[in-house]
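Values in this text are rule-based calculations from the coordinates and carry no lab data. If you're wondering where the values come from, they're calculated on a predicted model, not measured in any experiment. For neighbour counting, all protein chains shown are included, and Cβ atoms are generated from backbone atoms with ideal geometry for every residue, glycine included.
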Amino acid sequence: MASLFDKAKKSTPVKKTSAKDKKVRLVVEDPTFFEKVEKLESLQETMKSAKAKADLISDELKDIAKELWAAEYEKTKKNPESVMICQENESGSTSQFMFLATDKYISINEERAEELKEAYGEDIVEEKTVFSFDETMIEKYGEILSSLIENCDEIKESDREKIIKAVTTYSVAKGTIDKFKQYGEVTEMMETVKPVVAIKNVEVIKG
């Protein structure tokens, strides 16, 4: 009688792989082809260069916006959420964009999680453990595990702890951004937990 692991394996479609063949070269007759490829290459290089410059300016604007956002948070004692960052020039034109500080954070490891908990308390970190079966142990005890996984005398005692693996991940707890004032200075907390920030709707409104 096939075990549940065998059935699960058989129900999974097998991915077909093929050897990488040498690329076939097909010659184009269209007289505009060369010019189009050349132009596309140039445009892609321009886009790559423009993106690098845009990313740099975007980071600089985010730094400006984070300072203003943090100051507003300090003043009102609550999360401002999304705000408009703007400036008007002498001619009456307005440059502006929307700034968002989200309730999402950069990944942290166990060491960083412990540092945060020590500094700000247990609530600032969420810990999640995912359990999975060890593949070697499934191969070895698949039939047995299919019928009975707990308290089975047929599984060696030395192997029981190896069957199930646990992977633990750590993250800054949801809602932390709304509690910045409880933990300390807003600017300090922005740098400490690093919420994901974004700018949107960048525009200049002519006066």
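How high is the relative contact order of the stretch 29-205, in percent, counting Cα pairs under 8 Å that sit 6 or more residues apart? Could the numbers behind the result be given before it?
Working: 185 pairs, mean separation 58.6, N = 177.
Taking the mean separation of contacting Cα pairs over the length of the stretch 29-205, I get 33 percent.
Placing one identical point scatterer on every Cα of the stretch 29-205 and ignoring solvent, what is log10 I(q)/I(0) from the Debye formula at q = 0.11, 0.18 Å⁻¹?
Ignoring solvent entirely, the Cα scatterers give -0.75, -1.13.
If the viscosity is 0.692 mPa s and the temperature 37 °C, what Stokes-Einstein diffusion coefficient in µm²/s follows for the stretch 124-207 when Rh is the Kirkwood radius over Cα pairs? Mind showing how you got there, number by number?
Details: Rh = 17.7 Å.
After rounding, the answer is 186 µm²/s.
Between LEU100 and ASP59, what length comes free when the chain is fully extended (0.36 nm per residue of separation minus the Cα-Cα distance, one decimal in nm)? Please report the intermediate quantities before stating the final value.
Working: separation 41, 0.36 × 41 = 14.76 nm, distance 1.34 nm.
My answer for the length gained is 13.4 nm.
I'd like the distance between the alpha-carbon centres of the stretch 129-207 and the stretch 70-113, rounded to an integer number of Å.
Computed from Cα coordinates, the inter-centre distance equals 28 Å.
Enumerate by residue number the GluC sites (Glu not before Pro) in the stretch 163-204 meeting two conditions: DSSP loop (anything except H, G, I, E, B), and at most 15 other Cβ atoms within 10 Å of the site's Cβ. The partial results should precede the final answer.
Values: sites: GLU185, GLU188, GLU191, GLU203; in loops: GLU185.
Taking the stretch 163-204 and a limit of 15 other Cβ atoms within 10 Å, the loop GluC sites (Glu not before Pro) found are GLU185.
Kindly provide the helix-only [θ] at 222 nm of the chain, computed as the sum of -39,500 (n - 2.57) over DSSP H runs of four or more divided by all residues, to the nearest 500 deg cm²/dmol?
Values: 7 runs with 95 residues, N = 207.
Taking each H run of at least 4 residues, the total per residue is -14500 deg cm²/dmol.
Here is the link list: LYS78/LYS174; LYS75/LYS206; LYS23/LYS48; LYS66/LYS179; LYS39/LYS200; LYS75/LYS174. Which ones come out longer than 20 Å on Cα distance?
Values: LYS78/LYS174 16 Å; LYS75/LYS206 31 Å; LYS23/LYS48 27 Å; LYS66/LYS179 17 Å; LYS39/LYS200 30 Å; LYS75/LYS174 23 Å.
Cα-Cα > 20 Å for LYS75/LYS206; LYS23/LYS48; LYS39/LYS200; LYS75/LYS174; rest within.
Taking the mean number of other Cβ atoms within 10 Å as a proxy for protection, how do you rank 129-141, 43-55 from highest to lowest? If you can, show how the numbers build up before the last one.
Numbers: 129-141: 13.0, 43-55: 10.1.
Those peptides, ordered most packed to least, come out 129-141, 43-55.
Give me the number: length gained by fully extending ASN151 to THR169, i.e. 0.36 nm times residue separation minus the C-alpha to C-alpha distance, one decimal in nm.
So the chain would gain 3.6 nm between ASN151 and THR169.
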